[in-house]
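Take a look at the structure set out below.
Derivation of every value follows stated rules applied to the coordinates shown; laboratory data play no part. It should be emphasised that the depicted structure is a prediction, and the values quoted were computed from it without experimental measurement. Cβ: placed from backbone, ideal geometry, glycine included. Neighbour counts: every protein chain shown.
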Amino acid sequence: MNLSELIHEFILALIEPGILVGSIGTVSFINTANSAFSLGLVFTCISLLYFALNADFIAAAQLLVYVGAINVLIVFAVMITDQSVSSDSEKRGIGYFTALGACSILFLTIVCIFHKINDFYSSSIHQSEYLKLNLFEQNDVQNIGYQLLNKFLVPFELASLLLLVALVGAINPARDEDEGKDIAENQKKSFVSSTSPRDKSSFF
Amino acid sequence: MNDINSFLSRLNSTINFSTILPEIILIVGLITIVITDLVNKGKNAIFLYKIFLISTLVSMGILFYQLISVIAFEDLYTNNIFNNLFRFFILICSFISVLLSVDYVLCSKISLAEFPLFKISAGLGGMILSCATNLITIYVSLEFLALSSCFLSGYTKRDIRSNEASMKFLLMSGASSSSLLYGFSLLYGFSDGQVQLDNIIDKISFSQYLPIICISAAFILAGTAFKLSLFPFHQWTPDVYEGSPTRVVAFFSVTSKVAALSLFTRLFRLIFPYLSNEWHIVVELLAISSMILGNLIAVTQRSFKRMLAYSSISQIGYVMIGILAADLENGYASMLTYTFIYIFMNLGTFARITPFSLRTGTNNIRDYAGLYMKDPVLTFSLVLCLLSLGGIPPLSGFFGKHYLFWHGWKAGLYISVTVALVTSVISIYYYLKIIKLMLTKTTNLVDTLKTYEKQKSLVSSVISTKLKSSVEMAMILCALASTLSGLFMDPIIKITRNTFF
């Protein structure tokens, strides 16, 4: 291994325990504020992982969206709600062991698959093809922007409409309904006064 | 300025805007609704529905014109007849359901502008889903449809059943679309980064990666079967249908099923042709179980909406036979014809339930007893639609089922067709139970029907007569379509024949 690979391995060895510790902390802290902050640790370490894997756009997007918006929102919500008293997890019934068994089987399966794929991809043919793609000299952000407006224009615009509808839909259950009653009364008055000469059978 | 010019010219060469013109008109309608409501500050709400209707009609007109002159277009869409027919179906669904939903929100005194907004956005998502050939477009439009349907089902926020329904719908659709995305990611990875469905088939070497393709097919099946409410993924359907407002159930019971059908067919036909035997067996099993389960549980239901939910589960089981039986000469004709007839039957049934539940405030089947004496028009149109759902000749449901089962038998799906025939007979039982209840004269009427008045509504009577006409229009349209479509079966089949790809 040359120096650059050694540094790469070292950085990965720093980031991955961070993710592991953060995720264990998220599920096992009793104080919910602690678990929200360790979720922030997980997101930050994932973003550093993306940096180490040379995906700068995704790393920046992860920092902005996940750490900067979603985690802040989660911490905000946790701070507003009451602190619940810790629940005792002394009883470990049959469900605990079933879930433990299923998760460990899943984990072993994933580890086996990763080993097989690693053997497959570290054969010399694939490495030379991969290096030929010359990924390190392209500008990721420029490429993504170009593709978004050319090839993926329809999903891009549709995602912006989706954002609009999601905003409207999120505000709709949450807003005050006093305006609704006034509007309905106004409409009742306007309908009663103005629809008697109109033709009753037509919709328009 | 130079950059903008070159960008626009490049844009015009890559994307032919006339192919997505129906969707663009719907988007313009959506934005107009938002701006109109903002400017009018909540008054004059009927105008919003008129905008919706006009945009839907104009969209349908342009789609008709495109159906006649098929424009070939690559990259994001392919405009073959299959996709255009599905877009047309979704536009029909939107059109009829907006006729149903005008009086509801006025009567229940909640804000009005978001209802047509969500309906247009759900129709838009369904239309783009019907002709997307790109993994990313499929996912974004599927999420668009699911999110809009979820907002629609939680629209009456004061009612606790609506809250429960939208919560269940949101959680389960999130789980299923994550499974779908996992299947897509496997396909994306193993085809060297291709997102277009055609390019994926070219680049994946099926012999080498067969286990991975099978896993990906299983996940995609799980994701799409949720939207279709096939057997193990059907648990959300009765609860969501019972809790949501009835107009909303009418809308998304047809729209999301039609869009999910087109997605299912396209994915499994294009990506997994080499796995045909495997996924045929699995889908056959799912279809048989949905038919059996849907019909058997529907017998025991006491609420009309829940019964219709279980019957729609079984109807999708029948349609699955049509997907499995597609062959070269007939294409997907049986599935498309049955879907077309199913839209009218289902919407017609909901169009009858809606004014009944508005007038009496109940959904129990027992409360329909003796309806014949109070409101014969409603009774007879409901009888027609229920018989059509059951498959009694000479109504169009019979012709649709007959063609479907004959096609299935010809394709060799003997077990499925036998089970479908048996469960059709079971379904006739519970439809006839309701009809018998409605048509028999009982000496002591149920309490709810004693106060049943034809002109009664929650707002002033002027509104009720004016708006009753739109629901009546929808009722008559659906009744006619579900009765007479059987006579026009041959031209319909001829149009839908050329759809194998």
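Brief remarks follow.
- Long-range amide H partners of residue B:362 with built H, under 5 Å: none
- Rounded to the nearest whole Hz, the Karplus-based 3J(HN,Hα) values (6.51 cos²θ - 1.76 cosθ + 1.60, θ = phi - 60°) of region A:160-172 follow the sequence 5, 5, 4, 5, 4, 5, 5, 5, 4, x, 6, 6, 4, with x at glycine and proline.
- Förster radius 35 Å - calculated FRET efficiency between residue A:81 and residue A:149, Cβ distance, rounded to 0.05: 0.25
- Amide H partners (placed H, <5 Å) of residue B:392, local residues excluded: B:398
- In order through region B:200-213: 3J(HN,Hα) via Karplus (6.51 cos²θ - 1.76 cosθ + 1.60), integer Hz, x for Gly, Pro: 5, 5, 5, 8, 6, 9, 5, 5, 7, 10, 4, x, 5, 5
- Sequence-separation-based contact order of region B:236-321, relative, with Cα cut under 8 Å and 6+ spacing, percent: 39
- Cβ-based charge dipole, region B:256-349, positive-most Cα from B:288, B:344, B:274: B:344
- Rounded to the nearest Hz, the phi-derived 3J(HN,Hα) couplings of region B:157-168 under the Karplus curve 6.51 cos²θ - 1.76 cosθ + 1.60 (θ = phi - 60°) are 7, 6, 8, 6, 5, 5, 4, 5, 5, 6, 4, 5, where x marks glycine and proline.
- Inter-chain neighbour count for B:124-136: the average number of beta-carbon atoms from partner chains within 10 Å of each residue's beta-carbon is 2.
- Sorting the segments B:235-243, B:160-168 by their residues' average number of neighbouring beta-carbon atoms within 10 angstrom, most packed first, yields B:235-243, B:160-168.
- Here the calculated FRET efficiency for residue A:65 and residue A:109, from their Cβ-Cβ distance with R0 = 41 Å, stands at 0.85, rounded to the nearest 0.05.
- Of the peptides A:37-45, B:384-392, the order by per-residue mean of other Cβ atoms within 10 Å, starting with the highest, comes out as B:384-392, A:37-45.
- Calculated FRET efficiency for the pair residue A:141/residue A:174, C-beta based, R₀ 35 Å, to 0.05: 0.50
- Normalised convex hull volume, region A:1-88, alpha-carbon set, Å³ per residue: 71
- Short-range pairs are left out: with C-alpha atoms under 8 Å and at least six residues apart, the relative contact order of region A:1-88 is 27 percent.
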